[in-house]
Amino acid sequence: MAVPLFDTSAPLAPLRAELRGAIDRVLESERYILGPEVSAFEQEFAAYCGAAHGVGVANGTEAITIALRAMGVGPGDEVVVPSFTFYASAEAIPPTGARPVFCDIDPDTFCVTADCVRAALTPRTKAVIAVHLFGNVAPVAEIEALGVPVLEDSAQAAGSTTSGGRPGAIGRAATFSFFPSKNLGCFGDGGMITTSDERIAERARTLRFHGSRDKITYEQVGYNSRLDELQAAILRAQLPHLDEWAEGRRRAGRHYEQAGLGELVGLPTPVQGASPAWHLYVVSHPEVESLESALAAADIGHKPYYRTPVHRQAAMREWGTGVELPATEHAARTHLAIPMSPVLSSGQAAEVVAAARGRASG
Ligand SMILES: Cc1ncc(COP(=O)(O)O)c(C=O)c1O
């Protein structure tokens, strides 16, 4: 039985009528940009995270650039960022005028640690981007204890929780992507900045709209970067289901454990105090190519997401040359995402484990 890498349609099937209702509401309102749906979703999503403010933007990449600028990052500054992440986490830094400084990760959690960040700090460090990779939650409080503000890149961690609060409300500010395959996804591009700092929220609100408060005067060069009304309405219909989907992702992880996957490969380890809503379920194996072949032969979805870490991408040459990150290189070489979704069943998990066992015995 084939098992897909992810399943975005099954969780939405019971919500079709609600989603159509949300789209109709926007059509009838004839308000498409920065109207009541965006305002309501900003409030509802910020409240879900436990933050005071939400600022809807066009996508999770521009969310990072705008949030960094709203935090005061600019030319001459450095921003520490892990190299084992989706490229956009680092790509969003140079447009602010600051330099990305790459740091290593904990290969068990795939997240940055305070020690990794400490090794990359200089007097020019203005902020740290802590990526909550694969739905795990980086130890933000420990990093902020080093004396630098943290921007949480929470693109992959909607629905995750920790003993110290949810992603979106742990660091100075946080960013989200609502790309369709994310834990909370819209039907196009979308993003959000959350923060409890009134000044950061106000600056982000201005920056997303051409650096203007009133459409008449322009205080700084900003962006045209807005979440639109249709996407906000679609997200509002889904938000009440995020916790149940997050629990489905945790349950899927337990199915893998109960089927004995941990005997065959390295399992993802939650950061202490975190309860990840696994966005991607990423395992590791020293001979990962043979695991890939075994899963391919059994028609099981799998994908190595970040085989080339960001600091070794051509576009990052200016900032990545000469950087040595051993745990990042190890994770890049050995990781593999296997099927994960809110509806992954114990039977599907058993199929995946049986295919992986074939590699182990063969
Ligand atoms: C960790 C991470 N950061 C940033 C982004 C960028 O988000 P977007 O694709 O909405 O620009 C993504 C998702 O694609 C991501 O996974």
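Listing for the model above:
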read-out	value
Among the residues listed as 86, 41, the single one being more than 30 Å from residue 324 (Cα to Cα), modelled with pLDDT of 95 or more and among the aromatic types (Phe, Trp, Tyr)	41
Subset of the stretch 170-224 (residues that are farther than 30 Å from residue 339 by Cβ, in contact with a Ser or Thr (Cβ under 7 Å, 6 or more places away or on another chain) and either within 16 Å of the ligand (Cβ to nearest atom) or aliphatic (A, V, I, L, M) (or both))	173, 193, 201, 208
Any hit, the stretch 18-39, residues being of a type in the set (Phe, Trp, Tyr) and within 24 Å of residue 249 (Cα to Cα)	no
Matching residues, the stretch 1-37, being outside any helix (DSSP H, G or I), of a type in the set (Asp, Glu) and more than 16 Å from residue 238 (Cβ to Cβ)	30
Flag for residue 63 being touching a residue at least 60 places away in the same chain (Cβ under 8 Å) and either assigned to a loop (DSSP other than H, G, I, E, B) or closer than 21 Å to residue 169 by Cβ (or both)	yes
Some residue of the stretch 248-260 being in contact with a Leu (Cβ under 6 Å, 6 or more places away or on another chain) and farther than 30 Å from residue 29 by Cβ	yes
Test: residue in the stretch 208-226 that is within 20 Å of residue 271 (Cβ to Cβ) and surrounded by 24 or more Cβ atoms within 10 Å (Cβ to Cβ)	no
Among (1) in a helix (DSSP H, G or I); (2) touching a helix residue (DSSP H, G or I) at 6+ places or on another chain (Cβ under 7 Å); (3) away from the ligand (no atom under 16 Å from the Cβ), the one test that residue 43 misses	(2)
Residue count for the stretch 66-111, restricted to those that are within 19 Å of the chain's Cα centre (by Cα) and either free of Cβ contacts under 8 Å to residues at least 24 places away in the same chain or not in a loop (DSSP other than H, G, I, E, B) (or both)	14
Unique match (being within 14 Å of the ligand (Cβ to nearest atom), farther than 16 Å from residue 61 by Cα, among the polar types (S, T, N, Q) and touching a residue at least 40 places away in the same chain (Cβ under 8 Å)) among 238, 156, 231	231
Residues that are at pLDDT below 95 and among the polar types (S, T, N, Q), drawn from the stretch 1-38	8, 9
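Residue-by-condition table, conditions (1) closer than 29 Å to residue 118 by Cα; (2) hydroxyl-bearing (Ser, Thr, Tyr); (3) out of contact with any strand residue (DSSP E or B) (no Cβ under 8 Å at 6 or more places or on another chain):
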residue: 10; (1), (2), (3): no, no, yes
residue: 45; (1), (2), (3): no, no, no
residue: 48; (1), (2), (3): no, yes, yes
residue: 58; (1), (2), (3): no, no, no
residue: 72; (1), (2), (3): yes, no, no
residue: 77; (1), (2), (3): yes, no, no
residue: 84; (1), (2), (3): yes, no, yes
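The values are calculated or read from the model by the stated rules, or taken from the named source; none is laboratory data. Nothing here was measured: the structure is a model prediction, and the numbers come from that model. Note that each Cβ is placed from the backbone with ideal geometry, even for glycine, and that neighbours are counted across all protein chains shown.
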